[in-house]
Amino acid sequence: MGLLRPGINEVIATTEFNAAPMGIIMRDGAARMVLFSGSHTAENIEKNGWLVANIVYDPLLYVKTAFGDIPHDNFIEESINGKKMYRLKDADAWAAFTATIDKKTSEALMVTLTPRKEIIERVSLHPVNRGFNSIIDITVHATRYRMNRDPELKTLIDYHAGIVRKCGGPRELAALDLLMQSIS
Ligand SMILES: Cc1cc2nc3c(=O)[nH]c(=O)nc-3n(C[C@H](O)[C@H](O)[C@H](O)COP(=O)(O)O)c2cc1C
C-alpha cells in the first residue's frame, strides 16, 4: 500500500457519516494522527476504531467539511475486513485504516493507523495551483482562528486570501467566500 506519501498528507478523513480535513503523518513507514479533542472525527475514532483517508482536490469540499456537515449521499459504504466503513463517493482515491489509540490527553488523541485497503478510483491531473494550496493553509488557520480569534492567525488568513484571489479559479474563489462567511 502506498497511496499516502512520506510527510503530512492533508486528506479528508471520513468516520461514519462525518468528513473533515485531517493530517495523516507518514514517517518511517508508519501512519499516525494527532486529533484534537472535541472533534467528531476524534469521537468516532475512539468509538469505532477506523478511518478512511479520501484523496480529493475540491477546495470547496475542504472548507465545507472543515466548518460543517455534508449530506449522507456524499458517502459510500465499503466492507473492509467484515467492518462497515464509509468513504467519499467522489474521492479520486481512498485508503481505509483501522485506528489504535496510543495516548489520550485532555487535549488530544495520538493514533496509529493500520492500512486495510486502498483503491484508486480515477486518475486525474492537478497542475499546481497556489490558490488551491492557499485554501488548504487558510482553512487550517481558520479552524484555529474560529476558536481563539488570534490576530496573528488573521494576518496569515489575509495573506493566503490574497493568493487565492490572485491564483485561484472559480472553485477556489467559492471556497474562499464560504470560509470568510464561516469565520465572520
Ligand atoms: C488541511 C487541514 C488539516 C487538519 N488536520 C487536523 C489534524 O491533523 N488534527 C485535528 O484534530 N484537526 C485537524 N484539522 C482541523 C479539523 O478539520 C477541524 O477541527 C474540523 O472542524 C473537525 O471536524 P469534525 O468535528 O467533523 O471532525 C485540519 C484542518 C485542515 C483544513
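The values are calculated or read from the model by the stated rules, or taken from the named source; none is laboratory data. Everything quoted here is computed from the prediction, not taken from an experiment. Cβ placement follows ideal geometry from the backbone for every residue including glycine, while neighbour counts extend to all protein chains displayed. When the accessible area is computed, the model is the full protein with side chains, heavy atoms only, and any ligands, DNA or RNA have been set aside. Shrake-Rupley method; radii C 1.70, N 1.55, O 1.52, S 1.80 Å.
Structure above, values below:
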quantity	calculated
√(5λ) per eigenvalue of the Cα gyration tensor, the stretch 130-183, largest first, Å	18, 11, 8
Residue among LEU109, ALA66, PHE132 farthest towards the positive dipole end of the stretch 1-140, charges placed on Cβ	LEU109
Nearest-20 debye value, the chain charge dipole, Cβ charges on Lys, Arg, Asp, Glu	200
The stretch 94-182, relative contact order in percent, only Cα pairs under 8 angstrom and at least six apart counted	24
Under 5 Å, built H, 5+ apart or other chain: amide partners of LYS117	ALA96
Contact order relative to length of the chain, as percent, for alpha carbon pairs under 8 angstrom and 6 or more apart	21
Per-residue SASA entry for LYS64, accessible area with 1.4 Å probe, Å² rounded to 10	90
Cα centroid separation, the stretch 21-61 to the stretch 62-107 (Å)	8
The chain: calculated mean residue ellipticity at 222 nm from DSSP helix runs of at least 4, using -39500 (n - 2.57)	-12000 deg cm²/dmol
Protein-only accessible surface order, largest first, of TYR62, TYR57, TYR86 at 1.4 Å	TYR57, TYR86, TYR62
Cleavage-rule hits (GluC sites (Glu not before Pro)) in the stretch 72-114: DSSP loop, at most 12 neighbouring Cβ within 10 angstrom	GLU107
Surface/4 estimate of mean projected area, convex hull on alpha-carbon atoms of the chain, nm²	10.7
Loop sites in the stretch 92-132: trypsin sites (Lys or Arg not before Pro), DSSP, at most 16 other Cβ within 10 Å	ARG122
Inter-probe distance in nm under a simple model that places probes 7 Å from Cα toward Cβ, at LEU178 and THR155	3.0
Straight-distance crosslink candidates among lysines, where the alpha carbon sits under 16 Å from LYS103 and sequence neighbours closer than 8 are dropped	LYS47
Hits among aspartates and glutamates - C-alpha to C-alpha of LYS89 under 20 Å, sequence gap 8 or more where chains match	GLU10, GLU16, ASP58, ASP69, ASP73, GLU77, GLU78, GLU118, GLU121
